[in-house]
Amino acid sequence: MTANPTPSQTYHLILLRHGESVGNANGVYQGQADFELSDLGRRQAQALAERWVAEEKTFDLVISSPLLRARQTAEIIAEA
């Protein structure tokens, strides 16, 4: 029996939900409706981005849904 090879790199996948959207704040079921982030949602994304900067967390790739609220959250995280 041979041992399993050890991978040379470890990969981490982080899944993140968008910050609060205007639709969330108004109690709207959004589905594919394209709402932007609320002010709170922007602050939530910025706070997480700042936390990850402080933790020296870096990303090789950021992928987002095409919906505005998801893109805005991803952009805030990626630009930090």
Looking at the structure I just gave you, is Glu50 in contact (Cβ under 8 Å) with a residue 12 or more places away in the chain and either farther than 16 Å from Glu79 by Cα or over 16 Å from the mean Cα position of the chain (by Cα) (or both)? no
Quick count over the stretch 46-62, residues being polar (S, T, N, Q) and not in a loop (DSSP other than H, G, I, E, B), is 1
Looking only at the stretch 32-41, decide whether some residue is touching a residue at least 24 places away in the same chain (Cβ under 8 Å), closer than 16 Å to Ile14 by Cβ, part of a helix (DSSP H, G or I) and under 12 Å from the mean Cα position of the chain (by Cα). no
Taking the stretch 63-80 only, how many residues are more than 8 Å from the chain's Cα centre (by Cα) and assigned to a loop (DSSP other than H, G, I, E, B)? 5
Pairs returned, first residue in the stretch 1-23 that is at positive phi and modelled with pLDDT of 95 or more, second residue that is surrounded by 10 or more Cβ atoms within 10 Å (Cβ to Cβ) and in a loop (DSSP other than H, G, I, E, B), beta-carbon separation under 6 angstrom, 6 or more apart or interchain, are none
Going by the conditions given, is Arg51 closer than 16 Å to Glu20 by Cα and either surrounded by fewer than 12 Cβ atoms within 10 Å (Cβ to Cβ) or at pLDDT 95 or above (or both)? no
Is it the case that Phe35 is among the aromatic types (Phe, Trp, Tyr) and either at positive phi or surrounded by 15 or more Cβ atoms within 10 Å (Cβ to Cβ) (or both)? yes
How many residues does the stretch 54-80 contain that are of a type in the set (Asp, Glu) and surrounded by 14 or more Cβ atoms within 10 Å (Cβ to Cβ)? 1
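The values are calculated or read from the model by the stated rules, or taken from the named source; none is laboratory data. Fair warning: this is a prediction, and the values are worked out from it, not measured in the lab. Note that we place each Cβ from the backbone using ideal geometry, even for glycine, and neighbour counts take in every protein chain shown.
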